[in-house]
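Working notes, beginning with the structure itself.
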Amino acid sequence: MEEAGDEPLFCERAAGIDIGKQLVSVTIRVPSDTRKGGRAQETREFGTTRRQLLEMADWLACWGVTRAGMESTSDYWKPVFFLLEKAGFDCLLYQSSKVKALPGRPKTDRLDSAWLARVTEQGSLAGSFVPPEDIRRLRTHTRYRRRLTQARTAEKARCEKLLEDAHLKLSSVISDIHGVSGRAMLEAVIAGERNPKVLAGLARGTMRRKLGLLEEALDCSFFTPLSRPC
């Protein structure tokens, strides 16, 4: 049997941060002053306001912490991560699914931060990619635009469903009922117009070639106040 030495640490001065909505629990792990090769740790709690997060960053800097690891909890991790990143710390963001897959995770937040500190110092879990600030800002706008587009698409589908409920077969004749001609007809129906000839006469451009089909599609015989579109 041969003596086996301890595995070298990935980071000698590391911190683990368990993030909540109002409080963050922070544990630092640094070399021990009393035992050679030993480790010392301390845990503190801070609020999530900017002033308190700056106090946390100062505390970490006082102990010479160079790397901080945290779990991607909802959006609560962002102020902590971005502030520490701006203060010059090397930050690691762990995916929740990967963190939960590691054995030995404790139940309480205070112990959780100590466990994250050990994970960070040992380098046993890879951090997620967090893009630089300019890319993050751009991604915020593109994601918001995608959500708006999805909401608009859902409302268009709802409008077509209401037309089908009212037995107005407009989408069978016009491929895009939200184009110029379709919107003019829909606005007229909403305003109370029920005459198929009048409604079909609102067609524009090439749609006027389909006046006969439009009149049949816009027959309002089945229309009721409850099936008023859009």
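The values are calculated or read from the model by the stated rules, or taken from the named source; none is laboratory data. Since this is a predicted model, take the numbers as computed values, not measurements. As a convention, Cβ positions derive from the backbone with ideal geometry for all residues, glycine included, and neighbour counts pool all protein chains shown. Remember, those area values only see protein heavy atoms, side chains included, never the ligands or the DNA or RNA. Shrake-Rupley method; radii C 1.70, N 1.55, O 1.52, S 1.80 Å.
Return a yes/no flag: does the range 184-196 have any residue that is at pLDDT below 90, open to solvent by 70 Å² or more (accessible area, probe 1.4 Å) and hydrophobic (A, V, I, L, M, F, W, C).
Yes.
From TRP63, TRP77, which residue is touching a residue at least 40 places away in the same chain (Cβ under 8 Å), touching a strand residue (DSSP E or B) at 6+ places or on another chain (Cβ under 9 Å) and open to solvent by 90 Å² or more (accessible area, probe 1.4 Å)?
TRP63
Taking the range 133-178, which residues are surrounded by 12 or more Cβ atoms within 10 Å (Cβ to Cβ) and under 14 Å from the mean Cα position of the chain (by Cα)?
ARG136, the sole residue that qualifies.
Got at least one residue in the range 115-124 being surrounded by fewer than 16 Cβ atoms within 10 Å (Cβ to Cβ) and in contact (Cβ under 8 Å) with a residue 12 or more places away in the chain?
yes
Being assigned to a loop (DSSP other than H, G, I, E, B), under 15 Å from ILE28 (Cβ atoms), at pLDDT 90 or above and among the small types (Gly, Ala, Ser) is the requirement here; does GLY64 meet it?
Taking the combined requirement at face value, the residue satisfies it.
Hey, any hits in the range 80-102 for a residue that's without any contact (Cβ under 8 Å) to a residue 12 or more places away in the chain, more than 21 Å from the chain's Cα centre (by Cα), within 30 Å of PRO31 (Cβ to Cβ) and surrounded by 12 or more Cβ atoms within 10 Å (Cβ to Cβ)?
No, the conditions are met nowhere in the range 80-102.
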